[in-house]
Structure formats: C-alpha cells, structure tokens
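Just so you know, all these numbers are worked out from the coordinates, no wet-lab data involved. As the structure is a computational prediction, the values presented were derived from the model and not from experiment. Positions of Cβ are backbone-derived with ideal geometry, glycine not excepted, and every protein chain shown enters the neighbour counts.
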C-alpha cells in the first residue's frame, strides 16, 4: 500500500512538473549560462563537462528545472525545409528536446550544429548548442525523463546541484580551462563578449555586449570584484575569472 501511494504521489508531482527529493535520480544535466558549460552527472558524479552555446540574449535560453522529453536523430530543420542529416542543417545530428516554457521538446533542446565556431558563444535563439560529436556522446547516455537544470551562476556544478537538492559524490575530473588570457580595459574579442554577458547575467551592467572592454565593462568588473572581496583593479585575471565561473 505504501509503495502504491508513493508511486501515485510521484506521478502527481511529475504531472505538475515538480521533482521531489526522493524522485531525483543519479543522472542529470546542469547547464550554466554564466560560463556556457554543460555538466553531465552519472551515478550522482560529475562525469563530463562540455562547452556549449546559448541564447544571444540572456532571456532567450530559459532557466529552470526541465526534463528531456524526446530524443531525435537527424531532426529536420523545418523552418527552412532542410532535411535531417544534411551538412546545412543547423540542428546537427542529435536533438534532446526539453519541456521548457510550455513546449514539449519541439522548440527548446540541447542539439548539435553545423557551425563549430559558435560553441562557447551567446548566439542561439534559445536552444543549447553542442559540437556534433559531443552531443552524440551525450545522446547515447541520457534517457528520456533525465532532469536538466539551466541557470546562470558563478558556482561550481556540485554547488549548483547541492542547492537544487541533489546529493552528489566528489568527482576527480578536471574542469576544462578555455583561456588563460588576462582581460582589461582595451581588450577586445569573443572572450570579452562572454565576460560582458556573464557580468550582465549576474546583475552587473556593462552598458552593452559588444566585445569591447570599455568604461562600462571596467566599472562592472570593479563592482563585481568589490562585492566578491577580490582585488578591485578592473583586471580580469585567474582569480576574478574563477569567481565568475569562466575557468
């Protein structure tokens, strides 16, 4: 009888989109828009970390607790009538649909792409892009129903997972370091744009996201450094990058 009641309660929670603590499994995904990284957990342990691309505007890629609701190999790009499997298809070779914003795996997804240089940037209309080879690996691992957390944070994956109610085991993997460059006033490029997006998402306005480290970005960096107890010099080196989640 108790087992029946627990099962009924679980179904009720899932229908409402809620994942109670006892229903949380050992396999889940965290996507951190703050540094555009995806962490894959297996057996409650962070197993892989991938670089991803997310929305070109902070609001485009939804944040919250979702689930993978479908898995599609070579999904066609219906908007431009591009068949699945075509090298012109911007959805790549794998589609992991999410039940975000009232949709059911038809609008938002983790998927591949045909523009590898876009990975790491804020470029999509809302989906989470991965390299084709990497999303293919992820596709082979995850099951329909796998929880997906999307957030913007300066915390580690384990800290995010713990805050969401997951019990995680210590992982021995090394989180990838994507750049050791020091950013400061006068710097330009994609990493500055990522810095600006990260600061803006965390509530520190840079007065634009243009890839140019100007006065607005310098002011935002200094405010962030002061708030986090870092050296307030406007220079984004290893210490500041670490707190921002950029390394």
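Packing, as the average of other Cβ atoms within 10 Å across residues, places the peptides 146-157, 181-192, 48-59, 162-173 in the order 146-157, 48-59, 181-192, 162-173, highest first.
Extension gain for residue 42-residue 233 works out to 64.7 nm (0.36 nm per residue, less the C-alpha to C-alpha distance).
Could you tell me whether the chain comes out rounded, prolate or oblate from its Cα gyration tensor? Rule is a ≥ b ≥ c as square roots of the eigenvalues, rounded for a/c under 1.5, then prolate if a/b exceeds b/c, otherwise oblate. It comes out oblate by the Cα gyration axes.
Sort 144, 235 so that the residue with the fewest other Cβ atoms within 10 Å of its own Cβ comes first and the one with the most comes last.
Ranked by crowding around the Cβ, least crowded first: 144, 235.
If you fit an axis through the alpha-carbon atoms of helix 132-141 and take the longest principal axis of the Cα set of the chain, what angle between them do you get, 0 to 90°, nearest 10? Tilt of helix 132-141: around 40 degrees. Stretched out straight at 0.36 nm per residue, the stretch from residue 174 to residue 56 would grow longer than its current Cα-Cα span by 39.7 nm.
Could you tell me how far the Cα centroid of region 136-196 sits from the Cα centroid of region 43-101, in Å? What the calculation gives is 16 Å, centre to centre. Axis of helix 190-201 versus longest Cα principal axis of the chain: the two differ by about 70°, to the nearest ten degrees. The calculated FRET efficiency for the pair residue 226 and residue 107, based on their C-beta separation and a Förster distance of 35 Å, comes to about 0.30.
Helices in the chain, meaning DSSP H runs of at least 4 residues, each add -39500 (n - 2.57). Divided by all residues, the mean residue ellipticity at 222 nm is -7500 deg cm²/dmol. Applying 1/(1 + (r/R0)^6) with R0 = 25 Å to the Cβ-Cβ distance of residue 190 and residue 80 gives a FRET efficiency near 0.45. Against the main long axis of the alpha-carbon atoms of the chain, helix 215-227 sits at an angle near 70°.
What is the gain in length, in nm to one decimal, between residue 63 and residue 210 on full extension, counting 0.36 nm per residue of separation less the C-alpha to C-alpha distance?
50.6 nm
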